[in-house]
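Following: one structure in structure tokens, then a few remarks.
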Amino acid sequence: MEQKRVLITGAAGFLGSHLCDRFIADGYHVIGMDNLITGRIENIEHLFPLKNFEFYNHDVTKFIHVPGKLDYILHFASPASPIDYLKIPIQTLKVGSLGIHNCLGLARVKKARVLIASTSEVYGDPEVHPQTEDYWGHVNPIGPRGVYDEAKRFQEALTMAYHTYHGLKTRIVRIFNTYGPRMRLNDGRVLPAFIGQALRGEDLTVFGDGSQTRSFCYVDDLVEGIVRLLHSDYAEPVNIGNPDEITIRDFAEEIIALTGTSQKVIYTELPVNDPKQRQPDITRAKTILGWEPRVNRQEGLKITYDYFKGLSKEELYKKEHNNFEDYIK
Ligand code: UDP
């Protein structure tokens with residue numbers, strides 16, 4: 001059988017790099033693309049010697065040219081944490097609008113199937129709990145999270161328009177909080193924030209009173225869900241996440257127990273428009289994809305912590321610093 005070729009944008013990011021690994025393992029030819037603003041070359045360096053892997057250092061908001069055939073395009077390029085998209089709000093809006101427009105245009109030319117990374121943020125601060133795909137969301141378009149939430153909502157709208165108007169084969173995954181090895185320690189997300197603090201011997205900062213909830217999915221489970229969705233014939237959005245919900249206060253306690261740190265929890269101000277609760281309803285994924293998460297939080301957190309503990313000082317430094325300053329000048 002002819003080898004399938006997949007383009008993965010955001011290939012050097014946390015999720016993008018895990019997807020590259022998975023498609024390489026599944027025997028695909030993988031073309032990774034990233035402009036390395038929030039992505040890290042270290043995440044994919046191990047793939048460079050492989051003949052089935054190519055990397056383009058390119059900004060997807062500019063015209064994309066990829067020679068040869070393409071069977072699939074996975075659009076995973078985007079800043080994805082509150083700290084990142086507050087620092088680079090315009091780039092965040094562009095990658096979710098101009099970036100996906102370029103991917104969809106390329107997909108039409110190549111007759112490729114497109115899967116886009118959407119997010120639970122399309123539900124905003126939800127008034128429906130748990131969130132089903134039918135819920136339209138509760139988003140403040142001009143709040144600090146608006147640049148991300150609205151970019152992702154627009155991205156879904158444009159993708160659906162290409163599906164209905166051009167008959168393009170499209171898939172939309174709504175990703176809930178996901179964690180695992182390779183996350184950046186300085187991107188403000190709660191799990192790397194807590195692990196970084198534990199490793200540095202600092203107190204763990206819980207925002208607000210910590211009663212807000214999240215549901216954390218281990219990255220391998222997410223990747224499996226994405227692969228199944230890609231190969232399904234389902235064009236409506238599908239939630240992929242782990243429904244096991246926990247308060248951020250309890251989560252901090254779990255990290256303290258896991259890391260054995262002698263530090264304590266300190267409470268600081270809650271960011272504006274921080275969603276109060278979040279839990280995916282995964283009935284659709286179960287029914288249509290036969291998917292549900294397999295890795296529980298205890299196992300997943302241990303693998304993730306062991307990864308960070310195993311990094312050298314130099315690797316840890318890289319995980320705590322980013323490249324925006326050069327980029328946004
Ligand atoms: N959070 C926290 N301390 C931190 C970082 C985050 O208490 O050092 C909280 C944050 O306010 C939010 C939750 O943890 O309620 C998850 O935050 P994250 O940025 O990881 O994801 P998102 O809010 O996008 O789900």
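The values are calculated or read from the model by the stated rules, or taken from the named source; none is laboratory data. Since the model is a prediction, treat every value here as computed from it, not as a measurement. FYI the Cβ positions are ideal-geometry reconstructions off the backbone, even for glycines, and counts take in every protein chain you see. Ligands, DNA and RNA are stripped out before the accessible areas are found, and what is left, the full protein with its side chains, is counted by its heavy atoms. Shrake-Rupley method; radii C 1.70, N 1.55, O 1.52, S 1.80 Å.
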Global size of the chain as Cα Rg and Dmax, reported in angstrom: 18.9, 58
Positive-end residue, the chain charge dipole about Cα centroid, Cβ charges, pick of ILE64, ILE41, LEU158: ILE64
Dipole size in debye (nearest 20) for the chain around its Cα centre, Lys and Arg Cβ +1, Asp and Glu Cβ -1? 980
Quote the Stokes-Einstein diffusion coefficient, in whole µm² s⁻¹, for the range 157-308, based on the Kirkwood radius over alpha carbon pairs, a temperature of 25 °C and a viscosity of 0.890 mPa s. 146
In terms of modelled amide H atoms, which long-range or inter-chain residues lie less than 5 Å from the amide H of GLY208? THR268, GLU269, LEU270
If you take the charge dipole of the chain about its Cα centre, with +1 on Lys and Arg Cβ and -1 on Asp and Glu Cβ, which of SER215, GLY16, PRO144 is farthest toward its positive end? GLY16
Average accessible surface area per residue within the chain, 1.4 Å rolling probe, Å²: 44
With runs of 4+ DSSP H residues as the only contributors, calculate the mean residue ellipticity of the chain at 222 nm using -39,500 (n - 2.57) per run, divided by the residue total and rounded to the nearest 500. -11500 deg cm²/dmol
Magnitude of the Cβ-charge dipole (Lys and Arg +1, Asp and Glu -1) of the range 189-228 about the Cα centre, nearest 20 debye, reported as 100
Share of accessible surface on carbon and sulfur in the chain, whole %, 1.4 Å probe and ligands ignored, is 54
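Could you please put THR164, THR9, THR259 in sequence from largest to smallest accessible area, using a 1.4 Å probe?
Largest accessible area first, the list is THR164, THR259, THR9.
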